[in-house]
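Values in this text are rule-based calculations from the coordinates and carry no lab data. The shown structure was predicted, so the numbers you read here are calculated from the model rather than taken from an experiment. Neighbour counts are summed over all protein chains in view; Cβ atoms, including those assigned to glycine, are modelled from backbone coordinates with ideal geometry.
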Amino acid sequence: MLNYVLLRDIQKKESESAAVVRLEPAFYEDAAKLIADRKQAALDSGSILAIKEYENARKIVAAIQMKREEKIVLMAVRGERDSPSLTRDEAGLLGELADRIASSRARVSDIWNNGREAGSAPSTRKVRILKDIEAYSGIDKAVYGPFRTGEERILPMSEADWLLKSRLAELL
């Protein structure tokens, strides 16, 4: 059960570590319950100490979230797509950010490599993954994946075409 002391410990670990600290999958739900309980205790007691503890709990959770978001953005920039330390919502955020960055990089790469003008035909395709795929090195030497069944990804045209032809993905 999440309590104020444990919350402070998580904040300390998150601040001291370059990697994302492993959290329980329901961390944010547990944190919301803790904050609601602290708020109710502050309202019931009217105690300045209880009010301060409620306000501090809110600030600590916000600080943890912000630090984790910074780390998730850096993971996405590095091309990472998964981490067992993330909550489900954070994993979704990482996937979305990684897709957007990969798509942007593919567009810029096509402009430089093919002399294309901005605004011409798209160089990416959005696909839905039909089977689990381990990480692999693509034609462009970039690492793609791992992908899980049902995920939607925006990929460079060459990678999307390969997955479509292999019946590992479907076009969206």
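Quick notes
- Cα gyration tensor shape for region 35-95, rounded if a/c is under 1.5, else prolate or oblate: prolate
- Counting only residues at least eight positions apart within a chain, or on another chain, the lysines with an alpha carbon under 19 Å from that of LYS59 are LYS12, LYS13, LYS33, LYS39, LYS67, LYS71.
- Dipole of the chain, positive end: most advanced residue of ALA63, ILE139, ILE154 [Cβ charges, Cα centre]: ILE139
- Available extension along the chain between LYS67 and ASN3 is 21.1 nm, counting 0.36 nm per residue and deducting the alpha carbon span.
- Total charge dipole magnitude, the chain, about the Cα centre, Cβ charges on Lys, Arg, Asp, Glu only, Debye to nearest 20: 200 debye
- Sorting 6-19, 90-103 by their mean Cβ neighbour count within 10 Å, with the most densely packed peptide first, gives 90-103, 6-19.
- Restricting region 133-168 to GluC sites (Glu not before Pro) that sit in a DSSP loop and have at most 11 other Cβ atoms within 10 Å of their own Cβ leaves GLU134.
- Percent of Cα-Cα distances greater than 17 Å, calculated over region 88-171: 46 percent
- Matching the structure-derived Kirkwood radius over Cα pairs in Å against the labelled list [x] 18.0; [y] 16.3; [z] 18.6 gives the label [z].
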